[in-house]
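No value in this document is a laboratory result; all are computed from the given coordinates. Predicted, not measured: the structure shown is a model, and the values here were computed from it. Please note: Cβ atoms are built from the backbone with ideal geometry, for glycine as well, and neighbour counts cover all protein chains shown.
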Amino acid sequence: MSKYKRILLKFSGEALAKDNNTIDPKTLDQIIDIIKSALVQKVEVGVVVGGGNIFRGAALTQSGINHVTGDHMGMLATVINALAISDACKRANIETVVMSGFAIGGGVCSPVDHNKAKQALNMGKVVIFSAGTGSACFTTDTGAVLRAIEIEADIVFKATKVDGVYTDDPVKNPKARRYEKLSFDEAIAKHLQIMDTAAFALCREHNLDICVFSMLDNPKTLSDILGGKPLGTIVGN
Ligand code: UDP
């Protein structure tokens, strides 16, 4: 039985890419397994996905594109990824609703509405939020925290390639230790690159914990954490 009733799962766009695939089908399957492992524990799941596998505003600016336009392109990339995750969910018989931070017509997805999102979550549907915050100059990490606050999620789970936050780079330093828990102040003072400062500030103000966990080595990691195993790193007040 999970101690969390409702969670917000954040996947980076980069996590979706592998080899020559912008959206790798096997990685999509892994994501579905992770979502399923939470649903079987009767946990309500909101998802936010990034767009870094397709476009990042900062990279586009370097090639001469206007900063705000680049961010709009980055946000549209997150919509593409959200549609891919939604489609994979549907193929696995998981009902979804895709919402966007800015208006997109044509039946592609609906605008973010926190009441409708909570209703859908209550019904066991997975709500996939796209387009980050809906505004330029932010990241999808901030978007994830914002949506988590809106749907009153108990925690944000940030899926990464590493199994938590370490004292040093665990690839380069075999003596690096994983933190089980960290405060926001410690994370900021130690310059640990977990989330950007806007996301951190929102979490701190709204007393919302973040759990960093690995989506790679074992699809059961999230469900183990939900079940109470001390895996990953929890950052909180
Ligand atoms: N972005 C934005 N506002 C937001 C979220 C994202 O402008 O609220 C843009 C920004 O250009 C960013 C890109 O969308 O680089 C993709 O998002 P992000 O880099 O956060 O994706 P991730 O690193 O999670 O794949």
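About its Cα centre, the dipole of the chain is roughly 440 debye, where the only charges are +1 on Lys and Arg Cβ and -1 on Asp and Glu Cβ.
Each part gets one Cα centre, and for region 43-83 versus region 143-169 those centres are 18 Å apart. Charge dipole (Cα centre; +1 on Lys/Arg Cβ, -1 on Asp/Glu Cβ; no other charges) of region 91-195 amounts to roughly 300 debye.
Across region 114-128, coupling constants 3J(HN,Hα) worked out from phi with the 6.51/-1.76/1.60 Karplus curve, θ = phi - 60°, read 5, 5, 5, 5, 5, 4, 5, 4, 4, 7, x, 7, 8, 9, 9 Hz, and Gly and Pro carry x.
Residues of region 3-26 falling in the label zone of K229, defined by backbone nitrogen less than 18 Å from a point 7 Å along Cα to beta-carbon, are 3-4.
In the chain, what percentage of the DSSP-assigned beta bridges are antiparallel, given to the nearest 5? Could you put the intermediate results ahead of the total?
Details: 5 of 35 bridges.
DSSP beta bridges in the chain are roughly 15 percent antiparallel.
All C-alpha to C-alpha distances of the chain, sorted into 10 Å bins beginning at zero, yield P(r) values of 8, 33, 39, 17, 2, 0 percent in whole numbers.
With each label point set 7 Å from Cα along the Cα-Cβ vector, what nm distance links D33 and K116? Roughly 3.4 nm, to one decimal.
Just the number, please: Stokes-Einstein D of region 115-237 in µm²/s, Kirkwood Rh from C-alpha pairs, 25 °C, 0.890 mPa s. Walk me through the intermediate numbers first.
Details: Rh = 15.4 Å.
For the chosen part, D equals 159 µm²/s.
Residues considered: T140, T160, T197. Largest GNM mean-square fluctuation over the chain, using C-alpha springs under 10 Å, is found at T197.
Spin-label pair A58-T167: with each label point 7 Å from Cα along the Cα-Cβ axis, the two points sit 2.8 nm from one another. Count Lys and Arg as plus one, Asp and Glu as minus one, and take only other residues whose Cβ is under 13 Å from that of K26; the net charge is then -3. Using 0.36 nm per residue and subtracting the Cα-Cα separation, the extra length available between C137 and H67 on full extension is 24.4 nm. Between H72, H191, H114, the Gaussian network model of the chain with springs among Cα atoms under 10 angstrom shows the greatest mean-square fluctuation at H191. Using 0.36 nm per residue and subtracting the Cα-Cα separation, the extra length available between N20 and D217 on full extension is 68.8 nm.
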